[in-house]
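The values are calculated or read from the model by the stated rules, or taken from the named source; none is laboratory data. If you're wondering where the values come from, they're calculated on a predicted model, not measured in any experiment. Ideal geometry is used to build each Cβ from the backbone, glycine not excepted, and the neighbour counts take in all protein chains shown.
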Amino acid sequence: MEDGEEDLTMAEGGVVIDQKIFDGLGDIEILKKEPMAYHTSFHIGGPAEYLVTPHTVDSLRMLVRRLNDSGIEPFIIGAGTNILVGDKGISDVVVKVYEFKCADRFEEDYCYLCGGDLLTAKVKMLSSRGFKCLQWAYGIPGTVGGAVHMNAGAFGSDISEWLVNVEVVDPSGEVRLIERCDINFGYRRSDVSKCGIVVGASFRFEREDPERLVREIDEYMEIRRQRHPLDYPNAGSIFKNPSKETPAGKLIEEVGLKGSRVGDAMVSKKHANFIVNLGRASAKDVLELIRRIQDEVWHKFDIFLEPEICIAGEL
């Protein structure tokens, strides 16, 4: 680009993105045409027009305010788990809220955890301190904020059971505290995103022997190793379970699709509700496999499998 030439991009929806919008935002990283495959656990996805990573809550606030004033609605990711990005990428601003600087806080019976930190790291820390609350979540990939957003759950528990409140940056760039009772939670979903971007969350806890809790999380992790295909890139469970009595993986296995492939996308031989990337899988491969699974399960059981992963960008 020559000196004085403006760097302008037309985003989805016809909004013009001028790179100058990011000037003076402080501690922030800006990448243009950045492959999303580098930022997702699936290792799949074309380029984001801009991938912007704020490293502090203040820089996130300024960024959100600037985008809002410019009429730009960003696409928010955390650690990039539970997401499939299209092969053509995302023609928009992607804001990565991951490991920004934010202090945990502890009170008598609850703790505040930074939304951009990895959930598993926080669970390990809580266990070592003797705080019993989220041990079942050990090994769930993704951030604290992402876990709140999708109401992550395992082993019969979920995030909403332990949540006290959530701190968000709203579209105007202001920090707001949202109480648990003001958020609608469901199976692997919530409406917290309508309030803003999660920057932290408070959870109640009970006191317990640290050694016992550390043993407990180790046991949960061992169960995950036995059940889940952790040796290949994946995005976690592909489909929501139709019910507690009807796991999606069981239905997929019963229609004979365990181990089936499209290109380098394969239904895991270890757990049929996982699709793994054997090396060079494209989003198109994964989507074709998803549709095949949905068609076969619908044909045999008259059950529609709803995706649990977020599918984003241009396919």
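At a glance:
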item	result
Those residues of the stretch 38-61 which are of a type in the set (A, V, I, L, M) and either surrounded by fewer than 20 Cβ atoms within 10 Å (Cβ to Cβ) or modelled with pLDDT under 95 (or both), in sequence order	Val57
Among the residues listed as Asp191, Asp170, the single one being surrounded by fewer than 14 Cβ atoms within 10 Å (Cβ to Cβ), within 22 Å of the chain's Cα centre (by Cα) and at pLDDT 95 or above	Asp191
Residue that is nearest to the chain's Cα centre (by Cα) [pool: residues in the stretch 27-37 that are farther than 12 Å from Thr53 by Cβ and outside any helix (DSSP H, G or I)]	Pro35
Lys270 touching a residue at least 40 places away in the same chain (Cβ under 8 Å), out of contact with any Phe, Trp or Tyr (no Cβ under 6 Å at 6 or more places or on another chain) and either under 29 Å from Lys101 (Cα atoms) or not in a strand (DSSP E or B) (or both)	yes
Candidate set from the stretch 62-78 (those that are outside any helix (DSSP H, G or I) and not β-branched (Val, Ile, Thr)); member that is surrounded by the most Cβ atoms within 10 Å (Cβ to Cβ)	Gly78
Tally of residues being over 14 Å from Arg189 (Cβ atoms) and surrounded by 18 or more Cβ atoms within 10 Å (Cβ to Cβ) across the stretch 133-162	14
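Rundown of residues vs (1) closer than 20 Å to Asp231 by Cβ; (2) under 22 Å from the mean Cα position of the chain (by Cα), yes/no style:
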site: Asn277; (1), (2): yes, yes
site: Ala281; (1), (2): yes, yes
site: Leu287; (1), (2): no, yes
site: Glu296; (1), (2): no, no
site: Ile303; (1), (2): no, no
site: Ile309; (1), (2): yes, yes
site: Ala312; (1), (2): no, yes
site: Leu315; (1), (2): no, yes
